[in-house]
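Below is one structure, written out as structure tokens; comments come after it.
The values are calculated or read from the model by the stated rules, or taken from the named source; none is laboratory data. Treat the numbers as computed from the prediction; the structure is a model and nothing was measured. FYI the Cβ positions are ideal-geometry reconstructions off the backbone, even for glycines, and counts take in every protein chain you see. Protein only, heavy atoms only, side chains kept; ligands, DNA and RNA dropped before computing areas. Shrake-Rupley method; radii C 1.70, N 1.55, O 1.52, S 1.80 Å.
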Amino acid sequence: MTRVAILGGGPSGVAAAWLLHRSTKARAVVVEQRDDVGGNAGSFELEGVSVDYGSHRLHPACHPEILADIRELLGPDLLSRPRHGRIRLRQRWIHFPIRPVDLLGLPPSFGMGVILDALRKLLPTSTDGEVATFASELERGLGGTICRDFYFPYAVKIWGVPPDELSAIQARRRVAAGSLGKMVRKVLTLVPGLKAPEAGRFYYPRNGYGQISQRIADAARGLGADIRLETKVRAVRLGTPHRIETESADGVQSLEAEHVWSTIPISVLARVINPPPPAEVMDACQGIDYRAMILIYVVLAQSQFTPFDAHYFPEAEIRLTRLSEPKNYSARTEPADRTVLCGELPCSVEDAVWRSSDADLAALVQDSLARCGLPIRAPIVGIVTRRLPFAYPIYRRGYEAHFQRLDAWVAGLDRMLTFGRQGLFAHDNTHHTLAMAYGAVDCLSDTGRFDWERWRAYRSEFETHVVED
């Protein structure tokens, strides 16, 4: 039977292994360097509370076939939950997603600015000769008020780059409501009588978001897939078959496979391939970049901090970008004397923030919350941090040429495939990355031949993905 080595045990990696075995098309080995599956969409337990690597939701936009499979795997553990977050805007809290009644709570100057922006759109304008950027794309669609108060400062915090230095693709792929018309339509979906069946709701596993990947991995193992945790890829030696060298507590080992499917960052893949890529490919690796993030978990001796699942902070003076309370996602009440806050702090690997101590990071969370009227009053009984070096792809202007060179290089390798959020340098939700795994398995025949023409069609579909907020 055809053998497939899968690099990375995130949602797309474990899903591909499960689907390969379920279809009996191939035997899969998954190599994952962490101690559990799920990648950045994983979970772990802290003081009796299941916590995620940041804020995650499974959106109703998930493809029906994929959602049906997840429902079958999780059963009653897959909960349907109402969205209940809020955004800090001009020192006021606005419910997120925004409901029509919340518009009344907006500062009058903000509302007037949005109205004036909408009127200006009626006037003829010319964009001849203008190079589209994240800033110009959103300002043209949403107007200056929303951009200046929310999207632009938030972009600087998330990606660490001024909005006019980001590619327009960042706006198209990352902002679902990229025009005032789209934003109005999203608000109207929450109006009683006009409300879509699942508007304002999301799916969430009872035991943390990582339960999705864990259940998929369990199903894959049950069908014979080999999932190797705490195992690092040292080298991928191309040949017939390919040979993958790995390192774990058991030492250095190797495995052979006819196909290698990589879901690790494409720039990392380039560094482990042997023979090495051409110099221009390695140079292209320097032209794409990821934003890192520190997740700061603060354990409080109280049942609940607020009733909200997430708080968003676009304001520059608040260092955090988002704060989530995991117990509120799953509606768990236990443990009764503990809750956990997860603060998200984007940064760069090895900068001063990345090197900060846990005590300093905890103080940063406390200061951020105090500044916006949410002081921590309960005793803090624990501080835990997690560092994610590959949190967000940064679409700097001109990144496309660098990624395309890397992508073309991988496509030219025999029986080598890259996909997933990291593998395709994509701003995607979990349901998007799962769709990539389903597409990859669909392209592999029972005889082990990969249909590249069909894969190109899937790739075109993937390029239409827009992140669900």
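Summing Cβ point charges (Lys, Arg +1; Asp, Glu -1) relative to the Cα centre of the stretch 267-416 gives a dipole of roughly 200 debye. Helical runs (DSSP H, four residues minimum) scored at -39500 (n - 2.57) apiece and divided by the length of the chain put the mean residue ellipticity at 222 nm at -9500 deg cm²/dmol.
So what is the accessible area of the stretch 24-150 per residue, in Å², with the probe set to 1.4 Å?
Details: 6270 Å² over 127 residues.
Accessible area per residue, the stretch 24-150: 49 Å².
Full extension of the chain between ASP351 and GLU230 yields a length gain of 40.9 nm, computed as 0.36 nm times the residue separation minus the alpha carbon distance. Backbone amide hydrogens, once placed in the peptide plane, bring CYS347 within less than 5 Å of ALA292, MET293, ILE294, excluding anything fewer than 5 places away on its chain.
Roughly how large, in nm² to one decimal, is the mean projection of the convex hull of the alpha-carbon atoms in the chain?
Details: hull surface 93.7 nm².
Across all orientations, the chain yields a mean hull projection of 23.4 nm².
Within the accessible area of the stretch 337-392, the carbon and sulfur atoms contribute 50%, probe 1.4 Å, all protein chains present. The equivalent ellipsoid of the stretch 259-405 has semi-axes of 37, 17, 14 Å, largest first, where each one is the square root of 5 times an eigenvalue of the Cα gyration tensor. Ordering of 250-258, 410-418 by packing is 410-418, 250-258, highest average first (other Cβ atoms within 10 Å, averaged per residue). Find how many whole Å separate the alpha carbon centroid of the stretch 1-44 from the alpha carbon centroid of the stretch 342-413. One Cα centre to the other: 26 Å.
Kindly list the residues of the stretch 215-238 that lie in the label zone of GLU247, defined by a backbone N under 17 Å from the point 7 Å along the Cα-to-C-beta vector. Residues passing the 17 Å test: 229-237. Entry note, the stretch 32-114: relative contact order of 12 percent, from Cα contacts under 8 Å with a spacing of 6+ residues.
Taken along the Cα-to-beta-carbon direction at a fixed 7 Å, the label points for LEU119 and ALA199 span 2.8 nm. At an R0 of 41 angstrom, the distance between the Cβ atoms of GLU317 and ALA61 translates into a FRET efficiency of 0.75. A Cβ-based charge dipole, computed about the Cα centre of the stretch 375-469 with Lys and Arg at +1 and Asp and Glu at -1, lands at about 580 debye.
When peptides 280-290, 302-312 are ranked by their average number of other Cβ atoms within 10 Å per residue, the highest-first order is 302-312, 280-290.
So how do LYS232, LYS327, LYS25 rank on accessible area, 1.4 Å probe, biggest first, that is with the largest at the start?
Numbers: LYS232 115, LYS327 10, LYS25 30 Å².
Output order, biggest surface exposure first: LYS232, LYS25, LYS327.
So between ALA411 and THR306, what do we pick up on full extension, going 0.36 nm a residue minus the alpha carbon distance? Before the final figure, lay out each step's value.
Values: separation 105, 0.36 × 105 = 37.80 nm, distance 4.85 nm.
Extra length available between ALA411 and THR306 comes to 32.9 nm.
Over the stretch 343-469, accessible surface divided per residue gives 44 Å², non-protein components excluded, 1.4 Å probe.
For the stretch 37-96, carbon and sulfur atoms together expose 47% of the accessible surface, with a 1.4 angstrom probe and every protein chain in place. Listed peptides 362-369, 262-269 appear in the order 262-269, 362-369 once ranked by packing, highest mean of other Cβ atoms within 10 Å at the front.
If contacts are Cα pairs under 8 angstrom and at least 6 residues apart, what is the relative contact order of the chain in percent? Once normalised by length, the contact order is 25 percent.
GLN286 to ALA132: extension gain in nm, 0.36 nm per residue of separation minus the Cα-Cα distance? Intermediate values should be presented prior to the final figure.
Details: separation 154, 0.36 × 154 = 55.44 nm, distance 2.28 nm.
Full-extension gain reported as 53.2 nm.
Rounded to the nearest 0.05, what FRET efficiency is calculated for LEU255 and ARG99 with R0 set to 51 Å and r the Cβ-Cβ distance? After rounding, the FRET efficiency stands at 0.45.
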